[in-house]
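Undergrad: Please see the structure below; I have some questions.
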Amino acid sequence: MEPLSHLKNQLRSKRISRRSFMQQGLAAGVSVSALTVAADRVYAATPKKGGHLRVARGHGASTDILDPGVIENGYTIGLALGGYQGYLTQIGADGSLEASLGESWEATPDAKSWTFKLREGAEFHNGRSVTADDVITSINHHRAEDSTSAAKPLVSAISEMRADGKSTITFDLEAGNADFPFILSDYHLAIMPANEDGSMNWKDHIGCGSYKIDGFQPGITATLSRHENHWTDEVAHFDTVEVLAIIDQNARTTALVSGDVHVIDRVDLKTAALLERKPGVNLKNATGTLHYSFPMLCDTEPYTDNNVRLAVKHAINRQELVEKILFGYGEVGNDHPIGSGQRFFNNELEQREYDPDKAKFYLKESGLDSIALTLHASDAAFAGALDAAVLIQNSAKGAGIDLKVSREPNDGFWSDHWIKSPFITSYWSGRPVEDQMFSTTYQTGVSWNESRWSHERFDKLLIEARAELDETKRRDMYFEMQKILNEEGGSAIPMFASYVFGVTDDVGMPDQVATNWDLDGERFMERWWLK
């Protein structure tokens, strides 16, 4: 290691003082100017405790509740992953799996049985220790027969859970699952206190994360403060945090520029270049698994006919959407939810292009020369969703599709239209492993199957791939599943978007930002600090 790199590591870990850093650097032949710049950068990237962070999110609704099984937008996900909740495992900034409440785990050779050891010293915000019984109760919240949790399909394969004392839990699965520890990082699967009747207590907002909730007004604001007895002091650098729901993009941007908030998500890409030139404002972007979808209800006419769905998919000018809606902050999608950087992305699948002639062909296959459709659109789905709908309306004209854009209000869009209206705008942040994404949204009958799609071969492959330990065989299965979705799925997925967010100059963050969710994997409260 070069002398300067070694000294920077020493300074970063506080093993030497700045004075020693300068002295040793000069002795090694490093110039004063280079040492000064290096030291300043180290200190700028070193977390500092203290301060009050204000964040404005382009999500949130008056109907939000913090039942882990049903949280579904960026606002509530940010509260959960951001520090209020605790999980057995978590996703690191580099996409790797990290220990959390589960300090360690091991599996049987067939991956059908997994044993987790709980971290000593983990406690809830009310001072009670986290136990194996709390873990079992929390997972059972999603497994119950009458559960409406979106995580139900993720844990349905658990056949039995056993506690060995207060700190060890064994999960027996119906079939092997090589990704099971990844599954337990899902934002729904928070560990919360068990009530005396065996139910999970989510209503009192008692988590075991690094921040505790002091106040929550759905669709308006949440206030949090550091949990002083959290099991590690290496996270949660702010004393307090306030998260505001500001759906209006202009209002959110104005709040950042004026200094009323430190952070905003979902930056308006049309004005991103102008915003970046504002003094005191920095833009950050990260491309991962975030994708924008246009689900069509496959049990509702005319979308029961796959020919109609294929006509819609061919009538979308994907490159135009990336250029005019994402302004280059993203890439074209291929009507499946797996990002190009994921392990089993199907790089052999032909990219679907805008082809009005093919769209007309599929309409004729369905017995039609033309068709009138309605797309329910709202910017609550994603920034620019209304503009995207208009672009699709225009490109569809040449394909014999008369597309009416129904502009829906932001507030209540999800409760009024998601999995209710036949054709809508939507978005998904994706999942770190393919099985999670497929199980959550595309498996037959799951509560978050937003197109109400069902495919017997897909479901069979999903179960087989989950248990397959041979990576080559798993790859082939996931490739085929992406092909099935591309050719027969209920959702058009024309683009993958970068997360683009704005921060003020006084916000510090690590060099590597996570891409599995917005705002550093939604862990901004834990990972960032005020300089």
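The values are calculated or read from the model by the stated rules, or taken from the named source; none is laboratory data. Since we're looking at a predicted model, the values are computed, not measured. As a convention, Cβ positions derive from the backbone with ideal geometry for all residues, glycine included, and neighbour counts pool all protein chains shown.
Undergrad: Between residues in segment 452-471 that are assigned by TED's automatic domain parsing to the domain that holds SER293 and at pLDDT 95 or above and residues that are surrounded by fewer than 17 Cβ atoms within 10 Å (Cβ to Cβ) and assigned to a loop (DSSP other than H, G, I, E, B), which pairs lie under 6 Å by C-beta distance while being six or more apart or on different chains?
TA: Taking only residues 6 or more apart or on different chains, the pairs are ARG452/ASP299; SER454/THR444; ASP459/THR444.
Undergrad: Continuing with this model, one more query. Given (1) assigned by TED's automatic domain parsing to the domain that holds PHE171; (2) surrounded by fewer than 20 Cβ atoms within 10 Å (Cβ to Cβ), where does ILE65 come up short, assuming only one miss?
TA: ILE65 satisfies all of (1) assigned by TED's automatic domain parsing to the domain that holds PHE171; (2) surrounded by fewer than 20 Cβ atoms within 10 Å (Cβ to Cβ) except (1).
Undergrad: Still on this structure: Which of the residues spanning segment 483-514 are out of contact with any strand residue (DSSP E or B) (no Cβ under 9 Å at 6 or more places or on another chain), closer than 27 Å to SER96 by Cβ and not charged (D, E, K, R)?
TA: Across segment 483-514, the qualifying residues are PRO510, GLN512.
Undergrad: Within segment 298-317, does at least one residue satisfy the condition of being of a type outside the set (A, V, I, L, M) and under 30 Å from LEU530 (Cβ atoms)?
TA: no
Undergrad: Quickly run through segment 114-133 and pick out the residues that are more than 14 Å from LEU101 (Cβ to Cβ) and small (Gly, Ala, Ser).
TA: Correct list: GLY127 only.
Undergrad: Can you tell me how many residues in segment 476-514 are under 28 Å from ASP459 (Cα atoms) and touching a residue at least 12 places away in the same chain (Cβ under 8 Å)?
TA: 21
Undergrad: Would you confirm whether or not segment 183-192 contains a residue that is over 24 Å from GLY430 (Cα atoms) and among the small types (Gly, Ala, Ser)?
TA: no
Undergrad: Any chance you could count how many residues in segment 302-327 are out of contact with any helix residue (DSSP H, G or I) (no Cβ under 7 Å at 6 or more places or on another chain) and assigned to a loop (DSSP other than H, G, I, E, B)?
TA: Summing the residues that are out of contact with any helix residue (DSSP H, G or I) (no Cβ under 7 Å at 6 or more places or on another chain) and assigned to a loop (DSSP other than H, G, I, E, B) in segment 302-327 gives 2.
Undergrad: Where residues in segment 505-520 are in contact with a helix residue (DSSP H, G or I) (Cβ under 7 Å, 6 or more places away or on another chain) and outside any loop (DSSP other than H, G, I, E, B), which of them is nearest to HIS52 (Cα to Cα)?
TA: GLY508
Undergrad: When you go through (1) exposed (fewer than 15 other Cβ atoms within 10 Å of the Cβ); (2) touching a His at 6+ places or on another chain (Cβ under 8 Å); (3) not basic (Lys, Arg) one by one for ALA151, which number turns out not to apply?
TA: (1)
Undergrad: State which residue pairs qualify: first residue within 12 Å of GLY69 (Cα to Cα) and assigned by TED's automatic domain parsing to the domain that holds PRO109 and inside segment 179-205, second residue assigned to a loop (DSSP other than H, G, I, E, B) and of a type in the set (Phe, Trp, Tyr) in any location, beta carbons under 6 Å apart, and separation of 6 or more residues or different chains.
TA: none
Undergrad: Among the listed residues ALA465, ALA492, which satisfies the condition of being out of contact with any Leu (no Cβ under 8 Å at 6 or more places or on another chain), assigned to a strand (DSSP E or B) and small (Gly, Ala, Ser)?
TA: ALA492
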